[in-house]
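The values are calculated or read from the model by the stated rules, or taken from the named source; none is laboratory data. Computed from a predicted structure; not experimentally measured. Counting neighbours? That spans all protein chains shown, and the Cβs are built from the backbone with ideal geometry, glycine included. With ligands, DNA and RNA removed, areas are computed over all heavy atoms of the protein, side chains included. Shrake-Rupley method; radii C 1.70, N 1.55, O 1.52, S 1.80 Å.
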Amino acid sequence: MDECYCHVWEIDSVEIEDQLLENSIFSIEVHATFTYSNSEQDDEELDLAAQIDSLETETLRRTHRLPLDRMKSNPRSTIYGILNSMYIRVERFMVDKILDCATRMLGNKHYKNRNVLRMGVDVDVMVEKLPFDVDDDSDPETIPASEAAIEGLEEVKVDNTIDCAICLDSLSSGCKGKRMPCSHVFHGNCIVNWLGISNICPTCRFELQ
Ligand SMILES: [Zn+2]
Ligand SMILES: [Zn+2]
């Protein structure tokens, strides 16, 4: 149960308040639809019709406003961050699609003088259990980690090649990475940029104090 779908498109519109911005931004409107089974029984005990009957969906909608500079300098970790903050288990193809669209828009003369570049993203994911509380309206606003905590991260040499969960590229054995107290290891740059946005481990949601 982990099929997913991701659709990304340009939104060609200008709002009056766009002119008030001093720096250009990307405004990315993400709709994440989670399909899950609300049945108490094991899937295997139900026939297909009953399984389909027990499916429920829940949609999270959020608009992320990102400085253009950040999208240019750290596109992968930035995109990873916005999807992860919406409880989406991020797959590389999702990041690639959003990055493709962003790159296309940045290279398109049509958008050259825009203060706000708008993009729509639809993500459908199948999950076993809804990863958030439906009744909880509170927006999980991200808080950056303290500089001391970021500086205090342990530098480690990678023994066996692993994937960095932020940029989804590999950290090959022998190269240096940084380890969070929860023991998850990332590229140094990736985790430092990430913690500047959010103090939560992108892999296990451990909170760095
Ligand atoms: Zn990385
Ligand atoms: Zn972790």
### Message
Looking at (1) touching a Leu at 6+ places or on another chain (Cβ under 9 Å); (2) assigned by TED's automatic domain parsing to the domain that holds residue 75; (3) open to solvent by less than 20 Å² (accessible area, probe 1.4 Å), which one does residue 115 not meet, given that it meets all the others?
### Response
(3)
### Task
Being modelled with pLDDT under 85 and acidic (Asp, Glu) is the filter; apply it to the range 38-68 and report the residue that is least open to solvent (accessible area, probe 1.4 Å).
43
### Message
Just to verify a result, which residue in the range 166-209, among those that are open to solvent by 20 Å² or more (accessible area, probe 1.4 Å), closer than 21 Å to residue 70 by Cα and in a loop (DSSP other than H, G, I, E, B), is nearest to ligand 1 (Cβ to nearest atom)?
### Response
187
### Task
Give, as residue ranges, the helices (runs of 4 or more DSSP H) completely inside the range 37-156 that count at least 2 residues that are in contact with a strand residue (DSSP E or B) (Cβ under 8 Å, 6 or more places away or on another chain) and touching a residue at least 60 places away in the same chain (Cβ under 8 Å).
92-106
### Query
Consider residue 92 against the criteria (1) modelled with pLDDT of 90 or more; (2) under 14 Å from the mean Cα position of the chain (by Cα); (3) buried (at least 16 other Cβ atoms within 10 Å of the Cβ); (4) not β-branched (Val, Ile, Thr): it satisfies all of them except one. Which criterion is unmet?
(3)
### Message
For the range 150-165, give me each residue that is within 16 Å of ligand 2 (Cβ to nearest atom) and more than 23 Å from residue 66 (Cβ to Cβ).
### Response
152, 153, 154, 156, 158, 162, 163
